[in-house]
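Report on the following structure.
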Amino acid sequence: SPEPRWGLHLEGQLRRSDVVANDQQLLLRPGMFRNVGKQQRLIGGYTYVRNTPPPGSVTILGIEPRHTLYAEYSRGDTAGWAHISQYGRLENTLAGSRRNHPELSYSFRQRIRYHLALRIDANDTHTLRPTYYTVYDEVAIRIQPPRGLPLLNTNRTYFAAGWHVASRCEFELAYMYQYRPLSNGIVAEQNHSVQFTIISTRSLLKLFR
């Protein structure tokens, strides 16, 4: 069936540290999309992020929320068994901070995010082997960063094996590496994560009938 012209985008992420012992981050990203061409889409929406400091932190003295309005353009291209997808996103954020003080204060920040992914089909049979593999790199660049912060915000590299588990539903088991330079421009935060992802492109109207 043809793709709908309008639709809803719903995304949620839950990140924990020390395997699964401690809260780290909750992300909720609802939005509305419009298909504007073959494998081309415009999305606008809102992102809520709740960052929890590490246990015993002496610099971040409480939960730090972020509220973001975003606009995104995405497109995909297919060549045989290879699928290339990419998007660019403009993010306008009110970032809450409790760094070195328990009272919550906000600052306005802007970022441009670019994401480039390659997906390779691997297996169409009903076995336990992955049905596809995917890799992506994602870079977030600050616009007019506050004094002391570098232009590069984050760089994420992702490798995953994926399985078709139902009609228009997939499961991915992945490794993600995140590089995030700190304000001194010398030291960087480097995170290694195991990630489980469920992706569904089913119609919400059909899902709840």
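The values are calculated or read from the model by the stated rules, or taken from the named source; none is laboratory data. Quick caveat, the model's predicted, so the values are computed rather than measured. Cβ placement follows ideal geometry from the backbone for every residue including glycine, while neighbour counts extend to all protein chains displayed. Heavy atoms of the whole protein, side chains included, go into the accessibility calculation; ligands, DNA and RNA do not. Shrake-Rupley method; radii C 1.70, N 1.55, O 1.52, S 1.80 Å.
Numbers below:
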{"read-out": "Of the criteria (1) within 29 Å of residue 132 (Cβ to Cβ); (2) touching a residue at least 24 places away in the same chain (Cβ under 8 Å); (3) not small (Gly, Ala, Ser), which one residue 55 fails", "value": "(1)"}
{"read-out": "Among (1) at pLDDT 90 or above; (2) loosely packed, with under 13 Cβ neighbours inside 10 Å; (3) in a loop (DSSP other than H, G, I, E, B) - the single one residue 198 does not satisfy", "value": "(3)"}
{"read-out": "Subset of region 47-58 [over 16 Å from residue 12 (Cα atoms) and open to solvent by 50 Å² or more (accessible area, probe 1.4 Å)]", "value": "54, 55, 56, 58"}
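Okay, residues lined up against (1) more than 21 Å from residue 172 (Cβ to Cβ); (2) surrounded by 12 or more Cβ atoms within 10 Å (Cβ to Cβ):
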position: 12; (1), (2): no, no
position: 21; (1), (2): yes, no
position: 32; (1), (2): yes, yes
position: 39; (1), (2): no, yes
position: 45; (1), (2): yes, yes
position: 61; (1), (2): yes, yes
position: 65; (1), (2): yes, yes
position: 73; (1), (2): yes, yes
